[in-house]
Amino acid sequence: MTPSPSPHILLGLIGSGIQQSRTPALHEREGDEQGLRLLYQTIDLERIGVGPEALPDLLTAAERMGFAGLNVTHPCKQAIIPHLDELSPDAAALGAVNTVVLHGGRRIGHNTDWWGFSESFKRGLPGAPLSSVVQIGAGGAGAAVAHALLTLGVGELVLMDKDPSRAQETAAALNQRFERFGNSRVRVTRDLATDMAMADGLVHCTPTGMDKYPGTPLPAELLHPQLWVAEIVYFPLETALLRAARHLGCRTLDGGGMAVFQAVEAFRLFTGVRPDHERMLRHFIQLGSGAKEAAA
């Protein structure tokens, strides 16, 4: 007797301006390799004309349609938290969610961004000096990246955000979380030019540089050749910031590695199957060949 095919595993991505995201194909291709019938849909707030206020209805619809989980990106990583039943320790500590597992009538929020950035950094910028790092952006993704940077051993992390109060709140939360290493490792910049001149590295954690938000997050003249520069944006892979940094001779890290490694852990949470991260890295590169890069 021929066994019946396994049911589809339904997944989705909620965010704004995500039509070019590589995440659906990345998950589906790894599902194929694992023998899973995985279907991954984009739920683009921009395309359907709604904002984060629609999250309760979108979550209810996903549950009714039998989704196993959802990835969450800008601008919903923090807005989704009040609509969840439970948070993993990482998500609770960071105050940001990028992965929601829907199981047994419960919505469980996780954060795989911080681990994704950490793995990408260790591979892409081995041996990079970490005495002082400037980070631009202290929102949902920024909180996760800052956590990763401190875990990697950054001595002083200097935050800048367009909302100074958000930067202050993020700095206070990080200092409390990492107080066993000393409570002055994170501060908010008061003079970006001076802090940049003294920094070993710069990490960019805002949407600036995406196709929808062109430009650089700071004046290019603040970059210097001794700096390493890391992005989390990956559409395009070479942002204006990375292009300017490479022109000066800086070591750089694009956002592709973080996108893949956060997806590696999300795939495991969604399916219970540990994916092949090297294969997913190869798939990510293949997906970008001859196509417009996009972020998730």
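The values are calculated or read from the model by the stated rules, or taken from the named source; none is laboratory data. What you are looking at is a predicted structure, and each value in this text was computed from that prediction instead of being measured. Here the Cβ is made from the backbone with ideal geometry for all residues, glycine too, and neighbour counts use every protein chain on show. With ligands, DNA and RNA removed, areas are computed over all heavy atoms of the protein, side chains included. Shrake-Rupley method; radii C 1.70, N 1.55, O 1.52, S 1.80 Å.
Which ones in the range 119-154 are part of a helix (DSSP H, G or I), touching a residue at least 60 places away in the same chain (Cβ under 8 Å) and surrounded by fewer than 24 Cβ atoms within 10 Å (Cβ to Cβ)?
So the first thing to find is which residues in the range 119-154 are part of a helix (DSSP H, G or I), and the list is 119-124, 140-152.
Cutting the leftovers down to touching a residue at least 60 places away in the same chain (Cβ under 8 Å) gives us 119-121, 123-124, 140-142, 145.
If the condition is that a residue be part of a helix (DSSP H, G or I), touching a residue at least 60 places away in the same chain (Cβ under 8 Å) and surrounded by fewer than 24 Cβ atoms within 10 Å (Cβ to Cβ), then Glu119, Arg123, Gly124 are the ones that fit.
Farther than 26 Å from Ile80 by Cα, modelled with pLDDT under 95 and open to solvent by 20 Å² or more (accessible area, probe 1.4 Å): is that true of Gly182 in this structure? Answer is yes for this residue. Restricting attention to the range 183-196, which residues are among the charged types (D, E, K, R) and assigned to a helix (DSSP H, G or I)? Hit for the range 183-196 is Asp195, nothing else. Within the range 41-68, being without any contact (Cβ under 8 Å) to a residue 12 or more places away in the chain, among the β-branched types (Val, Ile, Thr) and under 24 Å from Phe267 (Cα atoms) holds for one residue alone: Thr60. Within the range 185-196, no residue satisfies the criterion of being surrounded by fewer than 17 Cβ atoms within 10 Å (Cβ to Cβ) and touching a residue at least 60 places away in the same chain (Cβ under 8 Å).
Condition first: open to solvent by 40 Å² or more (accessible area, probe 1.4 Å), part of a helix (DSSP H, G or I), farther than 22 Å from Gly109 by Cα and among the acidic types (Asp, Glu). Can you find one or more residues in the range 44-66 that meet it? Yes - at least one qualifying residue is present in the range 44-66. Filtered by the rule that a residue be out of contact with any Phe, Trp or Tyr (no Cβ under 8 Å at 6 or more places or on another chain), assigned to a helix (DSSP H, G or I) and more than 25 Å from Thr206 (Cα to Cα), the range 275-288 gives Glu278, Arg279, Arg282, His283, Gln286. Put simply, of Gln41, Gln78, Gln34 the only residue that is out of contact with any Gly (no Cβ under 6 Å at 6 or more places or on another chain) and either open to solvent by 40 Å² or more (accessible area, probe 1.4 Å) or not basic (Lys, Arg) (or both) is Gln34.
Within the range 129-148, the set of residues being closer than 21 Å to Ala220 by Cα, more than 16 Å from the chain's Cα centre (by Cα) and of a type in the set (Gly, Ala, Ser) comprises Ser132 only.
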